[in-house]
């Protein structure tokens with residue numbers, strides 16, 4: 001099934017997705033869009049793990065299980081992050097990341 | 001062996017009295033503190049007399065010499081295996097003699113102060129300081145090693161500072177106390193250098209080891225020479241420098257006349273009888289080293305002593321403040337003592353100068369204290385220090401008059417008073433060693449008689465001054481010490497010092513040499529006669545003489561401008577070229593560095609606090625950039 | 001061209017395009033939808049790699065759970081259609097520089113490295129095997145991470161409830 005596609009293509013795809021997510025994290029102003037960029041990053045990592053597992057270690061399954069746990073952790077992290085964002089909204093009435101900067105000098 | 005360990009109480013009791021009166025005197029027993037101090041001193045006077053009796057008359061003598069006994073010695077600071085600083089009590093002829101002198105004079109001064117300082121603010125402070133002084137001086141003379149002597153030397157300096165500046169609200173008193181302390185402290189620098197040199201070469205501080213003539217300490221350091229003098233000579237000269245300061249010899253004499261700002265009992269105790277003889281005591285204590293290892297230093301001692309006595313006597317002839325005259329007289333008499341030590345030899349009859357010096361110390365303490373206390377009574381009666389305000393006081397102050405007259409006759413060297421005997425021994429010792437110094441001292445003897453009787457006649461005879469209120473005789477607490485000291489001045493001349501205090505502890509016989517005694521009496525009488533002519537009645541001879549010798553008079557009256565010279569050196573040279581740059585350095589560079597560090601820290605922190613801006617995306621940006629850089633570093637640059 | 005290559009090109013194109021649109025879209029709800037498309041495409045990629053279980057999990061959890069959660073929170077906290085986001089150009093430039101640098105660095109590293117494949121036979125991945133591994137205590141059993149994950153999920157649930165419950169902090173006027 002994978003004979004025609006070299007491993008590096010998957011890896012480069014994952015890299016592009018990762019750095020797109022990084023760009024989004026650094027640029028976006030809304031806290032929720034930042035969370036979406038984090039999800040992008042996590043997905044790119046998953047692709048990486050699975051590609052390595054399939055191409056380099058087909059007799060083992062560690063990559064798949066790791067991805068499984070990454071998905072679980074990502075889910076719980078997104079839940080907690082949303083709860084925090086809602087709290088921030090309640091307190092500041094805005095979720096503009098440049099305006100919630102009270103923890104400074 | 002007689003047990004002398006009780007002598008530690010002679011030191012401890014005044015110290016405890018100082019603490020008690022100083023800490024609790026003002027609050028709890030202001031009026032009683034005088035009596036307490038006096039009682040304390042009375043007890044140690046009795047103890048000293050007992051010690052003297054036991055030491056001189058009942059202790060064992062080895063080979064007819066008095067032994068040095070270390071009555072109490074405890075190691076205080078162990079510096080190396082062999083070098084250690086002890087604290088203790090050393091009894092030997094000169095220290096026991098000094099015990100008697102110090103405690104007697106101090107006791108008399110205490111009784112006198114009960115009357116003199118009555119009603120003064122700070123009465124209990126005065127007595128506590130007097131006890132401190134007694135403690136320090138006793139510790140100095142009873143020291144077993146040279147470092148302990150140095151410690152107590154400094155303590156004596158502190159007591160003197162506290163007592164001279166007793167009237168601390170007077171600016172002149174404050175200046176005088178500072179001057180005394182600074183000058184003596186500067187001299188003590190030399191003393192410390194001398195101690196260090198000495199102990200480095202002889203590897204010990206202890207007196208018994210250092211001054212043992214058969215021991216090894218004296219032979220040390222003979223081979224090393226620096227600028228023509230051996231290292232022992234240098235160390236002894238430096239040690240003597242401390243003595244010059246404390247005993248107010250030229251050129252460190254400038255503090256003693258100004259120290260008269262203190263109350264008169266203080267002048268009597270410290271600046272006449274006890275503290276100023278510390279220098280003489282020091283040379284006497286280290287005498288074997290001086291004789292055997294550093295004879296050149298001994299010559300220095302003699303010349304400085306002789307010069308100072310001449311210098312001071314000339315100045316004393318022109319002063320009008322009676323306490324200042326007495327101060328210069330003290331300098332002159334101490335010069336005598338140092339001269340006698342300087343021309344002395346060692347052992348038996350050779351050590352005549354040593355014995356004469358100690359004898360003169362003893363008698364001088366009595367009559368000089370008497371003179372000062374008498375001057376105090378006079379000042380108390382007339383409320384002025386200047387002899388121009390006095391005259392014809394013999395009618396009003398009979399007891400003071402008599403005792404003052406006895407003291408003046410003693411200092412002039414008229415037999416059979418004690419001054420004659422001691423001064424005669426000194427002149428004999430000088431005559432046999434160094435004719436030039438003998439001539440100098442002979443002249444000084446005449447000058448002494450002249451200036452002492454000058455003030456005597458001006459105060460008690462002279463013109464009939466009109467007084468605003470009639471001067472009254474001093475109360476009994478002030479006159480009793482005068483009488484006791486006068487009795488002492490008369491009779492102490494007969495104590496056979498040649499059997500008690502000699503250079504090597506061995507007794508010898510000395511006699512009055514008529515060839516020297518008669519001329520010395522004659523010149524004393526000559527001085528008295530001249531003073532009689534000039535001052536007994538009001539006359540114009542003094543003014544005419546002053547006008548004729550205008551320049552010498554002016555120079556002598558202004559103390560040969562020594563104070564101005566010192567002020568010039570310190571202000572224009574030391575302050576401007578040394579102190580001010582150092583102060584500038586301290587203020588601008590040392591403080592500047594500290595301030596700069598603080599300012600730089602503050603400004604840097606102000607600039608970089610932007611790192612914690614609270615903005616998440618900035619943090620993330622730094623994070624990502626850092627990670628990328630680390631990745632570049634580890635993957636590509638650092639193989 | 002083989003079919004898997006076509007599928008790969010399709011999926012990867014979708015991923016790339018939609019992820020870029022997610023991070024640059026100015027309306028939030030559209031960004032969420034683009035994210036959904038990215039996740040679905042990723043799931044397709046997993047199917048291609050023969051990890052069916054994981055693909056299913058991805059679809060269920062990510063696309064069906066997290067994106068829904070995100071959309072809920074968007075509705076709760078901002079005005080969907082009226083808000084426009086825009087950042088300063090300086091921030092964009094610096095971030096783009098950093099991201100590009102990182103991307104180029106990673107690509108160079110990937111292309112340089114020689115991946116060596118193993119010659120062992122592939123393992124069949126079926127549900128029975130996955131289930132057994134998740135609960136086995138052998139050397140390659142995953143029961144410990146499994147239990148830890150369950151505790152983590154519990155903790156996350158409790159935390160989310162407590163943090164977001166009503167009666168939270170009082171409103172504060174931000175200093176503008």
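Values quoted throughout were computed directly from the atomic coordinates according to the rules given, and no laboratory measurement underlies them. Remember, it's a predicted structure, so these values are computed and weren't measured experimentally. Note: ideal-geometry Cβ built from the backbone for every residue, glycine included; neighbour counts use all protein chains shown.
Calculated FRET efficiency, residue B:200 and residue B:405, Cβ-Cβ r, R0 45 Å, to nearest 0.05?
0.30
In chain A, the longest principal axis of the Cα atoms and the axis of helix A:7-27 are about 0 degrees apart. Taking a quarter of the surface of the Cα convex hull of the protein assembly as shown gives a mean projected area of 64.7 nm². Counting Cβ atoms of other protein chains within 10 Å of each Cβ in B:126-134 and taking the mean gives 0.
Here the peptides B:356-368, B:527-539, A:39-51 are ranked by packing, the mean other Cβ count within 10 Å, and the order with the highest first is B:356-368, A:39-51, B:527-539.
Each principal axis of the Cα cloud of segment B:15-171 was evaluated for its coordinate range; sorted largest first, these ranges are 55, 39, 28 Å.
Hey, got the average number of other protein chain Cβ atoms within 10 angstrom for residues in C:41-48? Numbers along the way, then the final one.
Details: counts 1, 9, 1, 0, 8, 5, 0, 6.
Mean inter-chain Cβ contacts per residue within 10 Å come to 4.
Take every pair of alpha-carbon atoms less than 8 Å apart whose residues are at least six positions apart; their mean separation over the length of segment B:113-270 yields a relative contact order of 25 percent.
Can you pull a Stokes-Einstein diffusion coefficient for chain C at 20 °C (1.002 mPa s), Rh from Kirkwood over Cα pairs, as a whole number of µm²/s?
103
In the elastic network of chain C, a GNM with C-alpha springs shorter than 10 Å, the most mobile of C:150, C:41, C:12 is C:150.
Taking beta carbons within 10 Å but only from partner chains, what does the mean come to for residues C:65-78? Intermediate results must be reported in sequence, preceding the final value.
Details: counts 4, 11, 3, 0, 6, 9, 1, 2, 11, 7, 0, 6, 12, 7.
That works out to 6 on average.
Angle of helix B:352-382 to the longest C-alpha principal axis of chain B, folded into 0 to 90 degrees and rounded to 10: 90°.
Averaging the sequence gap over all C-alpha pairs within less than 8 Å and six or more residues apart, then dividing by the number of residues, gives segment C:1-114 a relative contact order of 25 percent.
Taking only C-alpha pairs under 8 Å that are 6+ residues apart, what is the relative contact order of chain B in percent?
Numbers: 1013 pairs, mean separation 77.2, N = 639.
So the answer I get is 12 percent.
Considering all C-alpha pairs of segment C:1-82, those separated by over 18 Å amount to 49%. For the peptides C:138-144, B:295-301, the ranking by packing is B:295-301, C:138-144, with the highest mean count of neighbouring Cβ atoms within 10 Å listed first. Multiplying each eigenvalue of the alpha-carbon gyration tensor of segment A:7-92 by 5 and taking the square root yields semi-axes of 30, 16, 4 Å, largest first, rounded to whole angstroms. Building the convex hull from the alpha-carbon atoms of chain B and averaging its projection over directions returns 42.3 nm².
Between the helical axis of B:616-632 and the longest alpha-carbon principal axis of chain B there is an angle of about 80 degrees. For segment A:10-72 versus segment B:526-571, the inter-centroid distance based on Cα atoms is 110 Å. Calculated mean residue ellipticity, 222 nm, the protein assembly as shown: -22000 deg cm²/dmol, from DSSP H runs (n ≥ 4) at -39500 (n - 2.57) each, averaged per residue and rounded to 500. Peptides B:577-585, A:80-88, B:374-382, B:163-171 ranked from most to least packed, by the mean per-residue count of other Cβ atoms within 10 Å: B:374-382, A:80-88, B:163-171, B:577-585.
Taking one quarter of the surface of the C-alpha convex hull of segment C:126-165 gives a mean projected area of 3.3 nm².
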